[in-house]
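Let me begin by presenting the structure, written as structure tokens, before commenting on it.
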Amino acid sequence: MGKVLVLGGGPAGVSAALYARRSGAEVQVVFKGYGTSALSKAELIQNYYGLPSPLSGAELEAHGIRGAKAVGVEFVEDELIALEVQEDFRGFRGLSSHHSYEADSLIIAAGASRKAPPLPGLTELAGHGVSYCATCDGFLYRGKTVAVLGAGEYAFHEAESLLPHAGKVFLFSNGEQPAADPPAGVEHRADPLLAVEGNERVTGAVFADGSRLPIDGLFVAIGTAGSTELARRLGVMLEGQNIKVDARMATNVPGVFAAGDCTGGLLQISKAVQEGAVAGLSAVKFLSGK
Ligand SMILES: Cc1cc2nc3c(=O)[nH]c(=O)nc-3n(C[C@H](O)[C@H](O)[C@H](O)COP(=O)(O)OP(=O)(O)OC[C@H]3O[C@@H](n4cnc5c(N)ncnc54)[C@H](O)[C@@H]3O)c2cc1C
């Protein structure tokens with residue numbers, strides 16, 4: 001029938017995987033591991049159907065994954081840094097720093113997107129030099145000086161995709177030790193940041209010691225790529241920070257579905273599970289029509 005790649009091992013992703021697998025598809029779930037979902041952070045769940053006594057979020061997460069494994073869903077612990085359409089447009093690819101996962105259909109269920117750090121200038125200058133997607137906006141900075149804010153694999157990936165366009169690329173790790181050596185050609189500044197400055201557009205960065213560095217653009221890539229960052233580079237339409245879906249949980253990109261906290265609305269397990277079920281069935285319907 002074909003393969004569905006599910007990004008996320010929380011209630012939305014696992015529910016999607018269950019429904020897709022039980023409808024006959026090969027299903028692979030990529031998630032960052034146990035304890036990384038919003039679900040796993042919940043101390044006690046008391047408002048979900050069928051729990052005679054409260055369960056911790058971590059327990060419910062483990063039960064969910066165990067149940068999906070029992071029907072043949074494959075789980076891989078890895079961090080995806082990009083989603084893309086295959087060159088022949090026949091399918092999709094999820095990329096981590098060391099692996100590529102290919103599939104005929106994609107379900108994004110990576111939870112709610114992260115908030116940007118509380119850095120003065122970041123919110124005000126969003127869309128005016130502050131960007132959250134190097135693949136989408138990198139070409140706007142041809143020959144210019146840009147910086148990526150972050151210290152992990154995702155930030156490295158963003159910096160690398162800016163190198164062919166920008167005149168100069170910095171990595172601002174904002175006081176953090178980067179996960180490894182930054183990519184060749186990228187200049188690392190470790191100093192903590194105080195603010196991003198500029199009136200109508202970004203003009204520079206101010207560091208905690210008061211020093212300034214002129215930059216034309218700042219790409220925020222802190223921690224790991226979230227649902228909206230990953231969706232954006234596929235050309236998936238957003239509504240604010242949420243992925244825009246129809247009643248079938250389909251996005252505007254054929255074959256790409258989304259479910260759970262990443263679509264906004266009620267941020268609760270019951271809603272994530274329901275949307276996951278619909279997305280899983282819709283993905284299978286998409287595969288059978290291919
Ligand atoms: C403290 C707290 C308490 C809560 N209490 C309740 C409650 O009592 N009742 C209730 O109904 N709801 C509660 N919620 C909300 C509920 O947990 C969420 O609505 C639900 O978990 C959303 O499910 P999801 O699958 O969309 O996302 P999540 O549960 O956040 O799962 C996201 C998944 O995506 C994966 N992922 C993300 N990025 C990547 C990447 N780049 N590469 C690979 N994998 C990735 C993560 O590893 C994770 O597996 C609570 C939330 C919190 C934070």
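The values are calculated or read from the model by the stated rules, or taken from the named source; none is laboratory data. What you see is a predicted model, and the numbers here were worked out from it, not measured in a lab. We place every Cβ from the backbone using ideal geometry, glycine too, and count neighbours over all the protein chains shown. The accessibility values were calculated without ligands, DNA or RNA, using every heavy atom of the protein model including side chains. Shrake-Rupley method; radii C 1.70, N 1.55, O 1.52, S 1.80 Å.
Which one is most open to solvent (accessible area, probe 1.4 Å), of the residues in the stretch 145-165 that are touching a Pro at 6+ places or on another chain (Cβ under 9 Å) and part of a helix (DSSP H, G or I)? Among them, the one singled out is E160. Scanning the stretch 166-198 for residues that are more than 15 Å from L213 (Cβ to Cβ) and either part of a strand (DSSP E or B) or within 23 Å of the chain's Cα centre (by Cα) (or both) yields E176, Q177, P178, A179, A180, D181, P182, P183. Selection of first residues in the stretch 65-76 that are closer than 16 Å to S23 by Cβ and of second residues that are modelled with pLDDT of 95 or more and of a type in the set (G, A, S), restricted to Cβ pairs under 8 Å at least 6 apart or on distinct chains, gives the following pairs, ordered by first then second residue: A68/A17; V73/A17.
For the stretch 79-94, which residues satisfy the criterion of being surrounded by fewer than 20 Cβ atoms within 10 Å (Cβ to Cβ), closer than 23 Å to L287 by Cβ and in contact (Cβ under 8 Å) with a residue 24 or more places away in the chain?
Filtering the stretch 79-94 down to residues surrounded by fewer than 20 Cβ atoms within 10 Å (Cβ to Cβ) leaves 79, 84-91, 93.
Applying the additional criterion that residues be closer than 23 Å to L287 by Cβ yields 84-91, 93.
Once the filter is applied, which keeps residues that are surrounded by fewer than 20 Cβ atoms within 10 Å (Cβ to Cβ), closer than 23 Å to L287 by Cβ and in contact (Cβ under 8 Å) with a residue 24 or more places away in the chain, the stretch 79-94 yields E84, V85, G91.
In this structure, does E61 turn out to be under 19 Å from G276 (Cα atoms) and either open to solvent by less than 30 Å² (accessible area, probe 1.4 Å) or charged (D, E, K, R) (or both)? Judged against the criteria, E61 is a match. For R201, the criteria (1) basic (K, R); (2) within 16 Å of the ligand (Cβ to nearest atom); (3) part of a loop (DSSP other than H, G, I, E, B) hold in every case but one, which is (2). Of the residues making up the stretch 166-186, those that are surrounded by 14 or more Cβ atoms within 10 Å (Cβ to Cβ) and closer than 22 Å to Y141 by Cβ are A166, K168, V169, F170, L171, F172, S173, N174, P178, P182, P183, V186. Per the conditions (1) under 25 Å from R232 (Cβ atoms); (2) modelled with pLDDT under 95, the sole criterion not satisfied by A20 is (2). In the stretch 104-144, the residue that is farthest from the ligand (Cβ to nearest atom) out of those that are within 28 Å of T36 (Cβ to Cβ), free of Cβ contacts under 8 Å to residues at least 40 places away in the same chain and open to solvent by 60 Å² or more (accessible area, probe 1.4 Å) is T123. So which residues in the stretch 207-226 are on the phi < 0 side of the Ramachandran plot, in a loop (DSSP other than H, G, I, E, B) and within 16 Å of the ligand (Cβ to nearest atom)? Selection gives A221, I222, T224, A225, G226. Here D261 does not fit the description of being away from the ligand (no atom under 16 Å from the Cβ) and either open to solvent by 20 Å² or more (accessible area, probe 1.4 Å) or outside the structural domain of A155 (by TED's automatic domain parsing) (or both). If the condition is being in contact with a Phe, Trp or Tyr (Cβ under 6 Å, 6 or more places away or on another chain) and assigned to a strand (DSSP E or B), then the stretch 227-263 contributes only A250. Does the stretch 46-58 hold any residues that are open to solvent by 30 Å² or more (accessible area, probe 1.4 Å), near the ligand (Cβ under 9 Å from one of its atoms) and under 13 Å from P11 (Cα atoms), and which are they? Selection gives Y48 alone. Within the stretch 56-113, if we keep just the residues that are over 17 Å from the mean Cα position of the chain (by Cα) and among the aromatic types (F, W, Y), the residue that is modelled with the lowest pLDDT turns out to be F89. Just so you know, in the stretch 24-45 the residues that are open to solvent by 60 Å² or more (accessible area, probe 1.4 Å) and more than 6 Å from the ligand (Cβ to nearest atom) include one that is nearest to G111 (Cα to Cα), and it is Y34. Take V186 and tell me if it is within 27 Å of E79 (Cβ to Cβ) and modelled with pLDDT of 95 or more. Answer is yes for this residue.
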